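See structure below.
The values are calculated or read from the model by the stated rules, or taken from the named source; none is laboratory data. Just so we're clear, the structure is a prediction, and the values are computed from it rather than from any experiment. Note that each Cβ is placed from the backbone with ideal geometry, even for glycine, and that neighbours are counted across all protein chains shown. These area figures cover heavy atoms from the full protein model, side chains too; ligands, DNA and RNA do not enter into them. Shrake-Rupley method; radii C 1.70, N 1.55, O 1.52, S 1.80 Å.
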Protein chains: 4
Amino acid sequence: MVNKVILLGNLGKDPIVRRTENGVAVATFSLATSERYKDKDGNPQEKTEWHNIVLWRGLAEVAEKYLHKGDKVYIEGKLTTRSYEQDGIKKYVTEVVADTMNMLTPKGGSGGSSNIPPPPMEEPPYAIKTPVGSTVNEEIPPATEPDDLPF
Amino acid sequence: MVNKVILLGNLGKDPIVRRTENGVAVATFSLATSERYKDKDGNPQEKTEWHNIVLWRGLAEVAEKYLHKGDKVYIEGKLTTRSYEQDGIKKYVTEVVADTMNMLTPKGGSGGSSNIPPPPMEEPPYAIKTPVGSTVNEEIPPATEPDDLPF
Amino acid sequence: MVNKVILLGNLGKDPIVRRTENGVAVATFSLATSERYKDKDGNPQEKTEWHNIVLWRGLAEVAEKYLHKGDKVYIEGKLTTRSYEQDGIKKYVTEVVADTMNMLTPKGGSGGSSNIPPPPMEEPPYAIKTPVGSTVNEEIPPATEPDDLPF
Amino acid sequence: MVNKVILLGNLGKDPIVRRTENGVAVATFSLATSERYKDKDGNPQEKTEWHNIVLWRGLAEVAEKYLHKGDKVYIEGKLTTRSYEQDGIKKYVTEVVADTMNMLTPKGGSGGSSNIPPPPMEEPPYAIKTPVGSTVNEEIPPATEPDDLPF
DNA sequence: TTTT
DNA sequence: TTTT
């Protein structure tokens, strides 16, 4: 079974970083991927998709330190959907849980970085406790190669 | 900007195929990707994600003819989210609009293929008219190579 | 930096499995991906690419036990090139070092599985000792999710 | 069958652009993807892979105009291997024929751009006429969506 | 031959 | 809400 998402786009806002009671970091942000195309009259159009990104542990720490509104990032992850209830209505959120991140905005660049503290209550997607899957790429022990190859 | 999803999983049901007024085919189905892992007590667990797949034109026609419940398919596409109103409530659906499909269940295989007609009312995701993006891989004119290479 | 290869094709022969002096397993095989297209005269053509696949450790063990000539597999990995000398001539081989493998041929299927022992000398690519990179997906400790999410 | 390569790295040199007798543009360059890891003694190491990239038609024209040594690009393409004879010895080259390219170095950036004319004779990989496959993403007519969706 |  |  394969479940892989590859995105390269820009952050709509600074990441929001929280920690679990055990101190595990979780960062969330939305990422825009825009596509230019021509409509049937030949006029140039742009369509933007917004993706909910979730990063755990090491990746969340990196996001907290270095990622800002407007920054360009490459994300590789898994598509996941979770549900929660709001005002008695069941809602679904689809998120991309990142396992690889690559920051593409040069340091000192982008500016942006609004340091206004996040609102006390988040948008619906993140309002309810629910398990979410993740793998942090940077924590994976790099499989070092044996020196004694058989070929 | 890159927006790519790669899935390899099994169909939860037979595809549902509709046509626009212009006769353009659209197929939809949900696709399961399961992941086995061990929980913190070391017990094997399985977690299944369900993905909403949308195919247009040629890919929809192929799906209509050959895809059945339980079949294994490889899908490459784009992540898209659209919204609709239901009972006065705005709802969001995230879908994968396929541009490449690869059927992995050998012909005559899989069985399954429940021919029970689909319910009169679909799940929320497909209940409302909304524009959705798509590219059908098979309709792309294969770029044939010139014979007179410069190297 | 991103270096990712995604292949879905068929094994040309049974895998060849070796072990380093430390007992680490390495499996190699070639994988065919075929593409159908029409030439400029509209005649259907097929073009097959052969890829050198390398699997380490757990993945190699799985390949040894379950993979056979003709089997269909999904492979995700890294593109790597290494060089070696043969008869005083420097040669280069490009390989895909897998970090994920998904076997798509149902058990008992495929047939094929020629049990003819591999030739004493392999094709050039695997004739010389050289370091090769790898990560075995199955050995990665699955990042279990904390129960105490902050949202 | 799936044959996909995804790379994000830096150009080692300016692209070399040629044209076939029919005026079709072909650009080639090598792309570095570097990976940082720690060796078994815990010392940080870097390993760089060099990939041979080939772009056709529209993508080649874009590369010619905008890509320079050192620039960062995202490439999506196919793995292909071709052979040629040199001094009576058969040689193989593995290339990535791009079908999507995304330039990630901001305009006016990178500088580099050594305008030293390319040597009269290229490295072995490009010395011999051979057919190579390609699809230029930008030439694909964007599948416009019908307004009359059936759902 | 690149980049961080 | 981003970016080109």
- Selection status of A:TYR74, touching a strand residue (DSSP E or B) at 6+ places or on another chain (Cβ under 7 Å) and within 16 Å of DNA strand E (Cβ to nearest atom): yes
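The rows are residues; the columns are (1) closer than 24 Å to A:LEU67 by Cα; (2) within 15 Å of DNA strand F (Cβ to nearest atom).
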residue	(1), (2)
A:GLY12	yes, yes
A:ASN22	yes, no
A:SER34	yes, yes
A:TYR37	no, yes
A:LYS40	no, no
- Task: Scan A:VAL54, A:VAL17 and give me the residue that is touching a Ser or Thr at 6+ places or on another chain (Cβ under 6 Å), away from DNA strand F (no atom under 11 Å from the Cβ), within 11 Å of chain C (Cβ to nearest Cβ) and in contact (Cβ under 8 Å) with a residue 24 or more places away in the chain.
- Result: A:VAL54
- Looking at (1) at pLDDT 90 or above; (2) open to solvent by less than 20 Å² (accessible area, probe 1.4 Å); (3) within 17 Å of the chain's Cα centre (by Cα), which is the one condition that is false for A:TYR84? (3)
- Note on the structure: Expected output for region A:81-103 (first residue more than 10 Å from chain B (Cβ to nearest Cβ) and over 18 Å from B:THR94 (Cα atoms), partner of a type outside the set (A, V, I, L, M, F, W, C) and part of a strand (DSSP E or B), Cβ below 6 Å, 6+ apart or cross-chain) is A:ASP99/A:GLY77; A:THR100/A:GLU76; A:ASN102/A:TYR74
